[in-house]
């Protein structure tokens, strides 16, 4: 097994690296593979931009904020879908932050060790359920419940806010937001729990030893210490919510108009593409790619911010614990 | 219950009483008893970690818990401010009294107790997201103190007592992480002092520090005697000799549980210990 | 037991102590109540978080198990009205597409992960960054990319579906491999080098086996994610009523069947959809749980 390759090369003398690039054919193979991956990503990005080009050259950029989507009349506007995306994500996060944070706190500090693993896995398994199954379940099991009980109840209690006008359809923003909440909950909980659990024990004990109650310890020391990481968890979960397609498409009611009530049907950028792509051609197709581009930009920005926030606290937070996105 | 070994005291140690009556302690102190331990034992999930501990802690004195690692010193110390409460498998038996209060009594509130019995830890643990000032008053805030005047007064007083005031008084808003290791530990001492506890527990407070910082903190501990009663765990015999008035020597027995071997005035424990095991330890034959 | 006394010279301390004790005693009830309520809420939320999981699984099981009969597994999909429909073609499609995607992405992902683990330069950072970003891309976009990039040229086929699924799996596997390989202690490689082995051999014989638990876990999770996806398949494999083992043709897959059937008012088709949903869920959960169990087992095996 002795070969010339054992002599140190420039690669191995490079300072700072734990390992260095190997030499010879092996190096070539690795570089080719990495290059292929980069090529794939570039090809992907280029295709989206290229396919969207026609509509931007026709209508400039402003069309993104127009409120009417009617391809038959050659009218294109993404505002209803941008709003729908934001609204469903907002509903999801309004629910996910307290419930996710509370669950993460419970898992990290309140639950006895024996039960901790089981419950933690249970919440994480929520992430494994395919999106289409959530969509089907939402449509068949939850939508009637929403129509019969949840929406009337919310209208009666919160109707004064003006957010709950209109008929009780079951499908719509509320249900979509709720399904999204369920789908991003595992992300929120898993990352928050990891961030909360690495708060040094000495901090916790130091606060206890001063006469703080358990909640005071959690609030003033643990949550404060984990702030940045928790913000990262929030952002990562938001990123997932923004990109979710199939489950939302099944329960959001698919209206092309701006929704004026939380109960109303709506659509997101992702569901718009999902529902219309099969039949679209020409300008409409370009417009759908335009919507895809907008979605991509939003999603990438949010995810990049999230990674920056989380990486500082917990190390490689990406990798194997991924959540289904569509 | 006796923790004394059966051998005759050396001649001249006549002031020690109680070997035969079961009363364990040299009866020479005039001071008041701040804490009284009787038959204290701590077990985790049924396995005893430390047992048969009985001694008195006297007001304004420094009591050291010494012994080789594994002898249960820290476990015992943490039982005194109920730090084991969060460990589900922990069971503390025996009697621990702080003044008139039964530390483990049903009517005793642990959070109120911990304002009376403070703790300083082995590694300095100032709260990183808080400033120096906020660290100093953290304990007060936890205990519901709101008045700015009282907070400021307590912060200054405790930082002065910790010999930190002069170096930080102009930068109270700076983050605690800007301090050196020794300074951080002194901040933690100030933080513990600010709630005006009656007893201060110190768990090897200098073992994570360099020799110079260690020396400064040992001096500090000596000065703090007037303000609080101190119980300090140390694995450093010289430190115990330098700093403490009384010493409790613990050792792991054959059942892997630590037990109190001997408790007496420091000078006596190191020069004329009663128990041969103590003699071995102070002569450096193990641990 | 006597009361504590201090000399008069320390009066300010005594006075402060008294004030602090008063404040503490006065506030303790409120503080403990807040604590109990807040912690209680945390427990409630924990319960709330588990409820949906139980609900989804239970409901899917109840609705889906009814559809599981012999026909379900042996007959291909039939349109509404025609009896004896099943999902055999969809099962085959899902398995084949999943297998093709896995066979391609595992080696690429492993090599890519090895590359990332071995280098710390700016290029590597950029690649790592793009891998992370790709895991966040909505899969619908990957689906439409697959369409314009390949389907327009080559028509619908299972291979293109596998390509799209592979695009989703690749960054996951790459990062998982990188993490696993970085976790291998450096001295193992140094020992290999010291023995005079070539780096390729070291990689094959030493590093990859040591990193295997992480790699397998990452791989299984990536597969679980991949086979559950719908959007990438919708525009690339088109669906088919026929049982086909040939991935170069249009195929069907479980997620597609579920989606298509959910849009139809026919209760039989809907029941088939539930059966497919249950099957898909079982597959994905088995992979997820399996990867966890395997990881724990392998961790125990290695010191």
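Tabulated data for the structure shown
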{"item": "Length released on extending from residue C:187 to residue C:268, taking residue separation times 0.36 nm less the Cα-Cα span", "result": "23.1 nm"}
{"item": "Value in Å of the Kirkwood radius, where chain A supplies the Cα pairs that are averaged", "result": "22.6 Å"}
{"item": "FRET E, pair residue C:11, residue B:272, Förster distance 41 Å, beta-carbon r, rounded to 0.05", "result": "0.55"}
{"item": "Sequence-separation-based contact order of the stretch A:61-314, relative, with Cα cut under 8 Å and 6+ spacing, percent", "result": "28 percent"}
{"item": "With eigenvalues of the C-alpha gyration tensor scaled by 5 and rooted, the stretch B:77-193, Å", "result": "29, 16, 12"}
{"item": "Choice from A:133, A:189, A:157 showing the highest fluctuation, given a GNM over chain A with Cα pairs closer than 10 Å", "result": "A:157"}
{"item": "Relative contact order computed over the stretch C:238-303 (Cα-Cα under 8 Å; 6+ residues apart), in percent", "result": "21 percent"}
{"item": "Equivalent-ellipsoid semi-axes of the protein assembly as shown, from the Cα gyration tensor, Å, largest first", "result": "63, 33, 26"}
{"item": "Alpha-carbon centroid distance for the pair the stretch A:133-192 / the stretch A:34-106, whole angstrom", "result": "22 Å"}
{"item": "Pair residue C:68, residue B:44: separation of 7 Å Cα→Cβ label points (nm)", "result": "4.5 nm"}
{"item": "Which of C:230, A:235 has the fewest Cβ neighbours within 10 Å, and the rest in rising order", "result": "A:235, C:230"}
{"item": "Chain lengthening between residue A:157 and residue A:38 when straightened (0.36 nm per residue, less Cα-Cα)", "result": "37.5 nm"}
{"item": "Contour excess over end-to-end distance, with Cα ends at residue C:29 and residue C:294 and 0.36 nm allotted per residue", "result": "90.5 nm"}
{"item": "Among A:287, A:34, A:92, residue whose mean-square fluctuation peaks in a GNM of chain A (springs only between Cα atoms under 10 Å)", "result": "A:34"}
{"item": "Inter-site label distance for residue A:149 and residue C:21 at 7 Å from Cα along Cβ, in nm", "result": "5.5 nm"}
{"item": "0 to 90° range, to nearest 10: angle between helix C:11-65 axis and chain C longest Cα axis", "result": "10 degrees"}
{"item": "Rounded to 10°, Cα long-axis angle of helix C:208-227 versus longest principal axis of chain C", "result": "70 degrees"}
{"item": "Equivalent-ellipsoid semi-axes of chain C, from the Cα gyration tensor, Å, largest first", "result": "51, 34, 18"}
{"item": "Taking the convex hull of Cα positions in the stretch B:117-170, its mean projected area over all directions (nm²)", "result": "4.4 nm²"}
{"item": "5 Å-binned pair-distance histogram of the stretch B:167-285 (Cα, whole percent)", "result": "2, 9, 18, 19, 17, 14, 9, 6, 3, 2, 0"}
{"item": "Taking B:71, A:255, B:207 and counting other C-beta atoms within 10 Å, the order from fewest to most", "result": "B:207, A:255, B:71"}
{"item": "Average Cα contact separation per residue, the stretch C:70-301, under 8 Å, 6 or more apart, as relative contact order %", "result": "28 percent"}
{"item": "Scattering curve values for the stretch C:1-134, log₁₀ I(q)/I(0), Debye with Cα scatterers, q = 0.12, 0.13, 0.22 Å⁻¹", "result": "-0.90, -0.95, -1.22"}
{"item": "Pair residue C:36, residue A:72: separation of 7 Å Cα→Cβ label points (nm)", "result": "6.4 nm"}
{"item": "Rg/Rg_globular for chain B, with Rg_globular taken as 2.2 N^0.38 Å and Rg from C-alpha atoms", "result": "1.02"}
{"item": "Calculated SAXS-style log₁₀ I(q)/I(0) at q = 0.28 Å⁻¹ - the stretch C:86-143, Debye, Cα scatterers", "result": "-1.09"}
{"item": "FRET efficiency, 1/(1 + (r/R0)^6) with R0 56 Å, evaluated for residue B:147 and residue A:49 via beta carbons", "result": "0.35"}
{"item": "Candidates C:288, C:35, C:88, ranked by Gaussian network fluctuation over chain C, Cα under 10 Å, top entry", "result": "C:35"}
{"item": "Separation of alpha-carbon centers, the stretch B:107-184 and the stretch C:104-177, rounded to whole Å", "result": "52 Å"}
{"item": "Crossing angle, helix B:181-194 versus chain B [Cα axis fit, 0-90 degrees, rounded to tens]", "result": "90 degrees"}
{"item": "Whole-angstrom gap from the stretch B:237-287 to the stretch C:68-100, using each part's C-alpha centre", "result": "79 Å"}
{"item": "Sum of -39500 (n - 2.57) over DSSP H runs of 4+, divided by residues of chain B (222 nm, nearest 500)", "result": "-9000 deg cm²/dmol"}
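Coordinate-derived values only; no laboratory data. Quick caveat: nothing in here was measured; it's all calculated off a predicted structure. Heads up, the Cβs are rebuilt from the backbone with ideal geometry, glycines too, and the neighbour counts pull from every protein chain shown.
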